[in-house]
1. Being more than 18 Å from VAL23 (Cβ to Cβ), touching a Gly at 6+ places or on another chain (Cβ under 9 Å) and acidic (Asp, Glu) narrows it down to one of ASP80, ASP94, ASP139, ASP113, so name that one.
2. Check region 68-80 and report whether any residue there is more than 27 Å from ALA2 (Cβ to Cβ), in contact (Cβ under 8 Å) with a residue 40 or more places away in the chain and charged (D, E, K, R).
3. Among (1) among the small types (Gly, Ala, Ser); (2) over 15 Å from LEU24 (Cα atoms); (3) within 14 Å of the chain's Cα centre (by Cα), there is one condition ALA122 misses while meeting the rest; what is its number?
4. When the residues of region 98-121 are narrowed to those that are of a type in the set (A, V, I, L, M) and at pLDDT 95 or above, which ends up surrounded by the fewest Cβ atoms within 10 Å (Cβ to Cβ)?
5. Restricting attention to region 65-97, and to residues there that are surrounded by 19 or more Cβ atoms within 10 Å (Cβ to Cβ) and in a strand (DSSP E or B), which single residue is farthest from the chain's Cα centre (by Cα)?
6. Check region 108-127 and report whether any residue there is touching a residue at least 40 places away in the same chain (Cβ under 8 Å), in a strand (DSSP E or B), in contact with a helix residue (DSSP H, G or I) (Cβ under 7 Å, 6 or more places away or on another chain) and of a type outside the set (S, T, N, Q).
7. Kindly establish whether LEU133 is within 17 Å of PHE41 (Cα to Cα) and either part of a strand (DSSP E or B) or basic (Lys, Arg) (or both).
8. Looking at region 54-64, can you tell me whether even one residue there is of a type in the set (Gly, Ala, Ser), loosely packed, with under 13 Cβ neighbours inside 10 Å, in contact with an Asp or Glu (Cβ under 9 Å, 6 or more places away or on another chain) and part of a loop (DSSP other than H, G, I, E, B)?
Amino acid sequence: MALETTLILFKPDAVAKSLVGTVLARFEKAGFKIRGMKMLFLTDELLADHYSHIADKPFFPSVREFMQETPVIALALEGDDVIAKVRDLLGPTDSKAAAPGTIRGDFGDKEGDAKMRNVCHASDSTEAAEAELKRFFKDGEVF
């Protein structure tokens, strides 16, 4: 097992539905430790950087609009193999395909855009986690 730290973003649907505490409790119950947490409004520049792999796609403006509906909550979460384990807890990106008992299966959008309104973003690799943590947390904000 490897001790890792990952980035979680509680998306606007989680914030608007008051799901942050419920989902955070699931992460803590799984044994993960909070190492940093803050609420922030995502600027156009930050979104373009974070979603650089899709920023030139025709659907990106709708992603930006959604991600700016409310502030988001950025979470630095630590644990053994936390990157893979968090992604298992979340379930597939498409909430419609997520099994009951997973976070997205229980709380993700089943009617609308189930791939975007899916409660949380989570880093998908150690390299992504490292880059994303630096993008959302300044030096001294992850403990």
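The values are calculated or read from the model by the stated rules, or taken from the named source; none is laboratory data. Given the structure is predicted, the values throughout are model-derived calculations rather than measurements. Heads up, the Cβs are rebuilt from the backbone with ideal geometry, glycines too, and the neighbour counts pull from every protein chain shown.
1. The unique qualifying residue is ASP80.
2. yes
3. Checking ALA122 against (1) among the small types (Gly, Ala, Ser); (2) over 15 Å from LEU24 (Cα atoms); (3) within 14 Å of the chain's Cα centre (by Cα), the one that fails is (2).
4. Only one residue tops the list, namely ALA99.
5. This residue is GLY79.
6. Yes: one or more hits.
7. No; evaluated as a whole, the condition is false for this residue.
8. No, region 54-64 has no match at all.
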